[in-house]
Amino acid sequence: MRVAVVGGGAVGLTAAYDLAARDIDVTLFERGEYDAARSDASATPADGSSARAAGVLYDAYAEDIDAEIGGRALERFREFSGDDGFEFRQCPYVMVAREGDEAAADAMATSVERMRVHGREVSVVDPEELGDRFPLRTDDMLAAAVAENAGWTDPASYVSAMAAKARHAGVAFETGRSVGLSVDPPGVVDSGGRRTERRDDGATREFDAVLVATGAQTKRLFAEAGVAVPMKPYRVQALTGREAYDGPMVYDATAGVYFRPHPIGVLAGDGTVPVEANLDEWNRDADDWFVDDIRAALTERADYDLDVAQAWAGLCAATPDGDPLLGELREGVFVAAGWQGHGFMRAPATGEAIAKQILGEDGGIASFDPRRFSGDETFEVREGMALD
Ligand SMILES: Cc1cc2nc3c(=O)[nH]c(=O)nc-3n(C[C@H](O)[C@H](O)[C@H](O)COP(=O)(O)OP(=O)(O)OC[C@H]3O[C@@H](n4cnc5c(N)ncnc54)[C@H](O)[C@@H]3O)c2cc1C
């Protein structure tokens with residue numbers, strides 16, 4: 001069996017590795033260049049979202065399938081930790097609702113109850129007790145919860161490690177040029193164009209199956225092949241700060257901000273801009289309002305004085321119901337995209353699941369079947385982190 005994987009971010013690489021580890025002949029097409037200074041495909045292509053992600057990892061999900069996938073992903077992150085420069089750092093994840101934000105507090109209580117039904121190690125805690133355990137300000141908190149099975153990593157190191165694993169498992173890499181999609185027959189349209197440049201007159205290379213894991217570009221890739229998928233790219237933002245921070249990971253639901261420890265100090269983010277981004281001209285730098293919001297939230301929550309090291313934006317992809325499109329969309333054509341801001345932390349499990357499905361096995365992802373939509377749905381972009 002010959003499989004093409006289009007897109008070499010966290011998801012495509014995981015799927016390619018899992019397929020090749022089962023002796024499948026896999027070619028991975030990535031329009032970005034991996035680190036040219038190294039002979040192996042080992043650095044993250046700068047174009048993808050995986051290189052821009054925050055690396056916040058947890059299994060604290062309320063829905064059955066999400067909890068299952070979140071749990072499996074953490075299991076694999078732990079398994080891979082120590083390989084090829086990748087490291088999983090255990091760290092609890094604290095969720096907070098401030099006084100006056102009853103809606104977030106109620107949503108948190110309901111979600112925690114459902115997470116616990118799935119055996120997740122999450123509990124609602126008294127803000128005062130939280131303050132005893134962690135260096136956080138708690139006097140303005142209405143409610144808080146702690147998820148223990150959580151941690152963080154450098155997302156680029158996961159991509160590097162998976163690229164190295166995929167190469168060792170026999171995946172052939174074709175990088176540095178954008179390819180198009182052929183749906184019937186399943187294949188890639190190899191134009192010879194560099195990066196985003198693409199011609200429509202290229203030859204089609206047929207495969208037994210094609211997996212499209214092109215992140216925020218997925219809607220466009222399918223549209224160019226004549227298939228409508230309901231997906232909207234939107235901007236989210238993150239920054240790093242230089243002062244040391246050694247508290248837990250925190251999601252302040254009222255402020256709409258998360259932060260975590262980082263080797264140089266702190267990493268913080270969210271900054272969702274809930275409108276469809278223009279794929280040809282989106283701003284890769286963070287907005288001033290985002291930096292101001294983070295500065296305020298870090299001071300209020302952790303008495304942290306922000307000295308910005310780097311601030312950036314990246315793209316996520318929304319779907320009508322907030323769930324991914326993960327499965328076979330047309331015969332032999334599979335899709336893995338639409339993560340609503342949670343694609344990195346689930347990649348070890350979603351990549352594995354789609355690889356199983358390509359091999360005709362049950363990947364346990366029937367409820368993410370991309371054929372649940374017709375493709376012409378109208379919908380608004382929803383904030384991915386919100387507790388609801
Ligand atoms: C600021 C920020 C913070 C985030 N924080 C988190 C977090 O803490 N936890 C979390 O789970 N998620 C987070 N996310 C979301 C996460 O980054 C994505 O969901 C995830 O990385 C998606 O991985 P992917 O492999 O599907 O896509 P990508 O990493 O985007 O990979 C797709 C690849 O396809 C390639 N490509 C596109 N078109 C073509 C083509 N035509 N031909 C060849 N190659 C092509 C691209 O170059 C790219 O490398 C964050 C996102 C951002 C922007």
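So is W289 within 12 Å of the ligand (Cβ to nearest atom) and over 19 Å from L325 (Cβ atoms) or not? For W289, the condition - within 12 Å of the ligand (Cβ to nearest atom) and over 19 Å from L325 (Cβ atoms) - is not met. Would you please name the residue that is least open to solvent (accessible area, probe 1.4 Å), looking only at residues in the stretch 215-256 that are within 11 Å of L181 (Cα to Cα) and in a loop (DSSP other than H, G, I, E, B)? Among those residues, the one meeting the criterion is V227.
Within the stretch 140-174, the set of residues being in a loop (DSSP other than H, G, I, E, B) and either polar (S, T, N, Q) or surrounded by fewer than 22 Cβ atoms within 10 Å (Cβ to Cβ) (or both) comprises D140, E148, N149, T153, D154, G170.
For the stretch 297-309, the criterion of a residue being modelled with pLDDT of 95 or more, assigned to a strand (DSSP E or B) and either surrounded by fewer than 17 Cβ atoms within 10 Å (Cβ to Cβ) or within 20 Å of the chain's Cα centre (by Cα) (or both) is satisfied by at least one position. Of the set (1) out of contact with any strand residue (DSSP E or B) (no Cβ under 7 Å at 6 or more places or on another chain); (2) farther than 30 Å from T350 by Cα, all apply to S81 but (2).
Of all residues in the stretch 376-386, none are at pLDDT 95 or above, closer than 30 Å to V112 by Cβ and open to solvent by 20 Å² or more (accessible area, probe 1.4 Å). Of everything listed in (1) open to solvent by 30 Å² or more (accessible area, probe 1.4 Å); (2) at pLDDT 95 or above; (3) within 19 Å of Y61 (Cα to Cα), the single unmet condition for F259 is (1).
Residue-by-condition table, conditions (1) free of Cβ contacts under 8 Å to residues at least 12 places away in the same chain; (2) out of contact with any Leu (no Cβ under 9 Å at 6 or more places or on another chain); (3) away from the ligand (no atom under 11 Å from the Cβ); (4) outside the structural domain of A277 (by TED's automatic domain parsing):
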| residue | (1), (2), (3), (4) |
| --- | --- |
| M141 | no, no, yes, no |
| S160 | no, yes, yes, yes |
| A166 | no, no, yes, yes |
| G176 | no, yes, no, yes |
| G180 | no, no, no, yes |
| G187 | no, no, yes, yes |
| D208 | no, yes, yes, yes |
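Of the residues making up the stretch 116-139, just one is in a loop (DSSP other than H, G, I, E, B) and either of a type in the set (A, V, I, L, M) or within 16 Å of the ligand (Cβ to nearest atom) (or both), namely L136.
When you check N278 against the structure, is it over 30 Å from D208 (Cα atoms), of a type in the set (S, T, N, Q) and touching a Lys or Arg at 6+ places or on another chain (Cβ under 8 Å), yes or no? Answer is no for this residue.
When residues in the stretch 262-273 are screened for being at pLDDT 95 or above and either away from the ligand (no atom under 13 Å from the Cβ) or touching a Gly at 6+ places or on another chain (Cβ under 9 Å) (or both), 7 of them pass. Of all residues in the stretch 333-386, which are within 30 Å of A97 (Cβ to Cβ) and more than 16 Å from the ligand (Cβ to nearest atom)? If the condition is that a residue be within 30 Å of A97 (Cβ to Cβ) and more than 16 Å from the ligand (Cβ to nearest atom), then S367, F379, E380 are the ones that fit. On the stretch given as the stretch 8-29, residues that are within 9 Å of the ligand (Cβ to nearest atom) and open to solvent by 10 Å² or more (accessible area, probe 1.4 Å) total 2.
The set of residues from the stretch 51-80 being open to solvent by 10 Å² or more (accessible area, probe 1.4 Å), without any contact (Cβ under 8 Å) to a residue 60 or more places away in the chain and either touching a Phe, Trp or Tyr at 6+ places or on another chain (Cβ under 8 Å) or in the same structural domain as I264 (by TED's automatic domain parsing) (or both) comprises just one member, R78. The listed residues are G314, G327, and the only one of them that is open to solvent by less than 10 Å² (accessible area, probe 1.4 Å), over 15 Å from the mean Cα position of the chain (by Cα) and not hydrophobic (A, V, I, L, M, F, W, C) turns out to be G327. Confirm whether A216 is of a type outside the set (S, T, Y), modelled with pLDDT of 95 or more and within 15 Å of the ligand (Cβ to nearest atom). Yes: the conditions hold for A216.
The values are calculated or read from the model by the stated rules, or taken from the named source; none is laboratory data. Fair warning: this is a prediction, and the values are worked out from it, not measured in the lab. FYI the Cβ positions are ideal-geometry reconstructions off the backbone, even for glycines, and counts take in every protein chain you see. These area figures cover heavy atoms from the full protein model, side chains too; ligands, DNA and RNA do not enter into them. Shrake-Rupley method; radii C 1.70, N 1.55, O 1.52, S 1.80 Å.
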